[in-house]
1. Would you pick out the residues in the stretch 45-70 that are surrounded by fewer than 20 Cβ atoms within 10 Å (Cβ to Cβ) and on the phi < 0 side of the Ramachandran plot?
2. For residues in the stretch 1-26 being touching a Ser or Thr at 6+ places or on another chain (Cβ under 7 Å) and of a type outside the set (Ser, Thr, Tyr), which is modelled with the lowest pLDDT?
3. Please enumerate the residues belonging to the stretch 24-65 that are farther than 22 Å from THR76 by Cβ, of a type in the set (Gly, Ala, Ser) and within 12 Å of the chain's Cα centre (by Cα).
4. Please state which of the following conditions VAL129 fails to meet, knowing it meets all the rest: (1) β-branched (Val, Ile, Thr); (2) at pLDDT below 95; (3) assigned to a strand (DSSP E or B).
5. Filter the stretch 87-119 down to the residues that are more than 18 Å from VAL132 (Cα to Cα), in a loop (DSSP other than H, G, I, E, B) and touching a strand residue (DSSP E or B) at 6+ places or on another chain (Cβ under 7 Å), then identify the one that is modelled with the lowest pLDDT.
6. Limited to the stretch 32-73, what total is found for residues that are in a strand (DSSP E or B), at pLDDT below 85 and closer than 18 Å to PRO162 by Cβ?
7. Please go through the stretch 71-114 and give me each residue that is aromatic (Phe, Trp, Tyr) and buried (at least 19 other Cβ atoms within 10 Å of the Cβ), ordered by number.
Amino acid sequence: MSVESLTGTVPDVSAFSFFKTGDTVVATSIGGAGETWITLAKLFGSRPNEEFVTDIAGDIRTIPTPLIGNYALDATTVPDCTACSGTTCTATSANVTVMSEGKEVFVMAIRAGESFTYNGRNDGSSVAVTFVKGEALSATYPGKGGMTGPQAISVYVVRIVPPISAAQTNIRTATTT
C-alpha cells in the first residue's frame, strides 16, 4: 500500500476533536486532492470491505461509505431567498432525516448552530447531528435557477455511538473437526 500525505482546510475545526494521527478516513474535496475539504469522515473497521463511518465533519451527502449501526442520514437545506448569489443561497435551516435499518425513524428541522441526538433504539447507539452552516441551491426557490455553477455545500458535525454489538472483535467462523 502506498502512503500519501495530503493537506487541506478542514470543513469545521471540530474535526480536530475526533480525528487523530493514524485514523483511517474518507475525504472529499473541491478541485484537486486536498486544498479545501468538503467532508472528512472517520472510519471504523478492520478490513477495507467492512468499514463504517463513525464521525463526520462536512457535507453528509458526499460520503460513499455506510454509517455504523446500519444508520443513514439525509439532509435538505432551505434557502434564504434574500441571500442568493448565482446557483447558491445561504441556508436558513436543514431538514435532517435519520434512518435506521432502512426505515425513517426521526426527522428534525434545525438552524445553523443547532443540534439534536437520536437514541431511539435499545442497543446503546445514538446519532448526534449539528448543522454548522449551509447553502441551498437557488433553483429550489421559485423564480430562481436555470443556471449552472457551484454546487451547494453544507457543513454538519455527526457523531455516532455504535451499537454495543459493533465493538465485537475476533469473530470466528465455525468449522467441523
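1. Passing the criteria: SER46, ARG47, PRO48, ASN49, GLU50, GLU51, PHE52, ARG61, THR62, PRO64, THR65, PRO66.
2. GLY8
3. Residue satisfying the conditions is ALA27 alone.
4. For VAL129, the exception is condition (2).
5. Restricting to residues being more than 18 Å from VAL132 (Cα to Cα), in a loop (DSSP other than H, G, I, E, B) and touching a strand residue (DSSP E or B) at 6+ places or on another chain (Cβ under 7 Å), the top hit is THR87.
6. So the answer is 0.
7. Answer for the stretch 71-114, where residues must be aromatic (Phe, Trp, Tyr) and buried (at least 19 other Cβ atoms within 10 Å of the Cβ): just TYR71.
The values are calculated or read from the model by the stated rules, or taken from the named source; none is laboratory data. Nothing here was measured: the structure is a model prediction, and the numbers come from that model. No Cβ is skipped: glycine too gets one built from the backbone with ideal geometry, and neighbour counts run over all protein chains shown.
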